[in-house]
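Below: the structure, in structure tokens.
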Amino acid sequence: MSDFLAGFVIGGAIPTVAVSLGVAGGWITFSGTGNSLTASYLQDVGLAIVIIMGIAVVEELVFRGYVLTNALEGLDLRWVSETTTIAGAWGVSALLFAFTHPAPTLVAGLHFLSAGLLLGFAYLVSGQLGLPIGIHAGFNLISGYAFPIASDPSVSIIALSVSGPAWLTGQTGLIQTGLQLPAALVLMGWIWFQTGHLGISPTIKSKLK
């Protein structure tokens, strides 16, 4: 649970900081609140949270819990070094994650690939799915409903007006993609705080021969 909560904060911080940078750059302005606090609105928010959590759990079970784990075991060959095995499995998981998400532009594809790498990294260093699930859920909830840059959902909390180019300021734009690197550094800080060391989790290494 602590990993999940830390991941949720890290994932939610990416779109939050991105919107803040967009506001500072004059590309994004706040145009009011998205909805009033009615019973129907609160019901929609609750449903959105359930759906987002479900998506995060299912996708992390598939891409990290199944694909990455099985790739680790499948690539664990005698003539392949441990580092190469881990890097290869990490890359396979990230590529499949990117391919299964709609990416109409190269920039969007880069975003999903880097997201797959970030989520896979979270799994490799923690050895558990709590951290990547938290990051996944936090990003989707904040970017989709608190600060909806790419869409205007019925449960949006804050209405935004975006004038900047989508390739830069969009939900899959370069700003949010670039912020995944500092997110990874914060993630490493959390692992250090929790375990006192950095590197591939012993739980992951135990899956290798």
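The values are calculated or read from the model by the stated rules, or taken from the named source; none is laboratory data. Note that this is a predicted model, so its numbers are computed, not measured. So basically every Cβ, Gly included, is an ideal-geometry build from the backbone, and we count neighbours across all protein chains shown. To get the accessible areas, we keep the full protein, side chains included, count just its heavy atoms, and leave off ligands, DNA and RNA. Shrake-Rupley method; radii C 1.70, N 1.55, O 1.52, S 1.80 Å.
What are the extents of the Cα atoms of the chain along their three principal axes, in Å, largest first?
Here the spans come out as 59, 35, 31 Å, largest first.
Explain nothing, just the number: dipole magnitude of the chain about its Cα centre with +1 on each Lys and Arg Cβ and -1 on each Asp and Glu Cβ, in debye rounded to the nearest 20.
Result for the chain is approximately 360 debye, rounded to the nearest 20.
Once both axes come from the Cα atoms, what is the angle between helix 82-99 and the longest principal axis of the chain, in degrees from 0 to 90, rounded to 10?
That works out to roughly 30 degrees.
How long are the semi-axes of the ellipsoid equivalent to the stretch 168-209, from square roots of 5 times the Cα gyration tensor eigenvalues, in whole Å, largest first?
They are 29, 14, 6 Å, listed largest first.
Say the dipole of the chain comes from +1 at the beta carbon of Lys and Arg and -1 at that of Asp and Glu; which of I28, V162, A13 then lies farthest toward its positive end?
The listed residue farthest towards the positive side: A13.
What FRET efficiency would be calculated for the residue pair I51, L106, taking the C-beta separation as r and a Förster radius of 30 Å, to the nearest 0.05?
So the FRET efficiency works out to roughly 0.55.
Nearest 10 degrees, 0 to 90: what angle lies between the long axis of helix 106-126 and the longest principal axis of the chain (Cα atoms)?
50 degrees
Tell me, what does the Kirkwood hydrodynamic radius of the stretch 52-174 come to in angstroms if you use every pair of distinct C-alpha atoms?
Computed over the stretch 52-174, the radius equals 15.5 Å.
Once a ≥ b ≥ c are taken as the square roots of the eigenvalues of the Cα gyration tensor of the stretch 104-184, is the result rounded (a/c under 1.5), prolate (a/b larger than b/c) or oblate (a/b not larger than b/c)?
oblate
Just the number, please: carbon plus sulfur as a percent of the accessible area of the chain, 1.4 Å probe, no ligands or DNA/RNA counted.
In the chain, the share of accessible area belonging to carbon and sulfur is 71 percent.
Write down the accessible area per residue of the stretch 1-95 in Å², having rolled a 1.4 Å probe over the full set of protein chains.
The answer is 55 Å² per residue.
If you wrap the stretch 1-91's Cα atoms in a convex hull and average its projection over all directions, what's the area in nm²?
Taking a quarter of the hull surface, the average projection is 9.3 nm².
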